[in-house]
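The values are calculated or read from the model by the stated rules, or taken from the named source; none is laboratory data. No experiment lies behind these values; they were computed from the predicted model shown. Note: ideal-geometry Cβ built from the backbone for every residue, glycine included; neighbour counts use all protein chains shown.
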Amino acid sequence: MVDTAATQDSANIISVDVAPYLDNFAKRAGENRKLRRIADASIEELKSSGYIRSLVPAQWGGLEITPQEFFLTQIEIAERDMSTAWVGGIIAIHAFQIALMDEEAQRDVYGANPDACVSSSYNPVGGKTEVTDDGILLSGRWGWSSGSDHCEWVLLGAIVGGEGYRTFLVPRSDYEIEDTWNAMGLEGTGSNDIVIDTPVLVPHYRTHKQMDGFNCVNKQSNPMYSLPWAQTFVRVVCSAAIGATRHALKLFIDNANTSSTDPTKLVGDPDVLRRIVEASDLVDTAQAIMLRNFDEMMNLVSEGKEVPLIDRVRYRYQASTVISDMIKAIDLLFDAAGGRSVFIGSEIQNIWRDIHIARSHVANNPVGFARNWGNMMLGGENSDFFI
């Protein structure tokens, strides 16, 4: 049964509204970098805004907003602080995958608290598994678990012998967080390691098979949950860069208009004008493609239709190029941002570092995804099952 108090609480939230908190997110950006994680107050405000429960099923007190609204909100947060948007988006997106799992797993996480926070680390390299009658024994080490200090659960990827990839839903009592996040960008994400030294038993109902995700298996009534799960996750680790680059563009323009040297030189400089236009176009194009792709997918699933495999492969590639395009944009701006930009603490330099570090996430490396799409366009078989 759904917790009555949680349901009543959700009734007070019409939809996601981060507007009252955006200035606070911006003011805490420096604090987040020093803490090497998001400030507790910002996490609480992400909950108060409704953002954390954006994709939690309505039966558990969630809002079930559209992916378009979800990612536009993430972009808006990132215009103030990319780390806050990165962590908030990643924590919130996990509700989509958990909605595809057994109802008992959903109840475990959200039954008493629709704002429960879940981190993840999907790389299966460090995980070890052993199948038993009661579930699967899981142990190992996983890196890059963003926002893990704020979470009561974690989703971990591992290979099950004779079957393949699964995601495991593990409660906070069953794992340790090792403080390893000393990075040159996205410092505030607190992307620490998850460690399970002694194997823990994960019941089968708290696992999600990769092929179930690939085949869009779910029992939710909202057709949104028939979207390929991977299409939502891969966007959450790139879309924040769109907002961050938009912030950098504003900083660059403000600096050009208020330069202590001679603003008229900057305004009339054709190279400066070119950089502003090209960066702005890259930002607009990235957002437009993201919205178009989700429009197309949502139209199909709303009509009970499947998203064609070739389109899923195309969407996957296009998501993987967002960071590369935002690197082009931020480099255009940073290269002409002036002498003050080189000093530690420069806002535009912080954004430059954040976006470059985001490229290190495996989901943002377009090489393999380009190869897969090109292969399919030439009549070959799909080789990627996280699409």
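The table that follows gives values for the structure above.
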{"item": "Out of 329, 336, sole residue that is of a type outside the set (Phe, Trp, Tyr), under 24 Å from residue 90 (Cα atoms) and outside the structural domain of residue 90 (by TED's automatic domain parsing)", "result": "329"}
{"item": "Failed item in (1) surrounded by fewer than 24 Cβ atoms within 10 Å (Cβ to Cβ); (2) under 17 Å from the mean Cα position of the chain (by Cα), with residue 102 passing the rest", "result": "(2)"}
{"item": "Which numbered condition residue 202 misses (of (1) out of contact with any helix residue (DSSP H, G or I) (no Cβ under 6 Å at 6 or more places or on another chain); (2) among the hydrophobic types (A, V, I, L, M, F, W, C); (3) not assigned by TED's automatic domain parsing to the domain that holds residue 154)", "result": "(3)"}
{"item": "Which numbered condition residue 314 fails, given (1) basic (Lys, Arg); (2) within 24 Å of the chain's Cα centre (by Cα); (3) within 22 Å of residue 275 (Cα to Cα)", "result": "(3)"}
{"item": "Matching residues in region 121-139 - criterion: being polar (S, T, N, Q) and in contact (Cβ under 8 Å) with a residue 40 or more places away in the chain", "result": "121, 123, 132, 139"}
{"item": "Candidates 13, 38, filtered to the one that is of a type in the set (Val, Ile, Thr), at pLDDT 95 or above and surrounded by 15 or more Cβ atoms within 10 Å (Cβ to Cβ)", "result": "38"}
{"item": "Within region 196-258, helices (runs of 4 or more DSSP H) holding 2 or more residues that are polar (S, T, N, Q) and closer than 21 Å to residue 312 by Cβ", "result": "229-236"}
{"item": "Which numbered condition residue 348 misses (of (1) assigned by TED's automatic domain parsing to the domain that holds residue 272; (2) out of contact with any Leu (no Cβ under 7 Å at 6 or more places or on another chain); (3) β-branched (Val, Ile, Thr))", "result": "(2)"}
{"item": "Only listed residue being touching an Asp or Glu at 6+ places or on another chain (Cβ under 6 Å) and modelled with pLDDT of 95 or more, chosen from 58, 19, 78, 99", "result": "58"}
{"item": "Residue count for region 211-228, restricted to those that are under 24 Å from residue 128 (Cα atoms) and either buried (at least 21 other Cβ atoms within 10 Å of the Cβ) or without any contact (Cβ under 8 Å) to a residue 24 or more places away in the chain (or both)", "result": "1"}
{"item": "Segments classed as strands (runs of 3 or more DSSP E), wholly inside region 100-155, with at least 3 members that are on the phi < 0 side of the Ramachandran plot and touching a helix residue (DSSP H, G or I) at 6+ places or on another chain (Cβ under 9 Å)", "result": "118-121, 136-145"}
{"item": "Set 61, 88: member being in contact (Cβ under 8 Å) with a residue 40 or more places away in the chain, crowded, with 24+ Cβ neighbours inside 10 Å and under 13 Å from the mean Cα position of the chain (by Cα)", "result": "88"}
{"item": "Some residue of region 158-176 being crowded, with 23+ Cβ neighbours inside 10 Å, touching a residue at least 60 places away in the same chain (Cβ under 8 Å), of a type outside the set (A, V, I, L, M) and not assigned by TED's automatic domain parsing to the domain that holds residue 34", "result": "yes"}
{"item": "Number of positions in region 32-49 that are assigned to a loop (DSSP other than H, G, I, E, B), within 14 Å of residue 91 (Cβ to Cβ) and of a type in the set (D, E, K, R)", "result": "1"}
{"item": "Subset of region 321-334 [assigned to a loop (DSSP other than H, G, I, E, B) and free of Cβ contacts under 8 Å to residues at least 40 places away in the same chain]", "result": "none"}
{"item": "Selection within region 172-225 - over 13 Å from residue 99 (Cα atoms) and of a type in the set (Phe, Trp, Tyr)", "result": "175, 181, 214"}
{"item": "Hits in region 336-366 (condition: more than 20 Å from the chain's Cα centre (by Cα) and part of a helix (DSSP H, G or I))", "result": "339, 340, 341, 342, 347, 348, 349"}
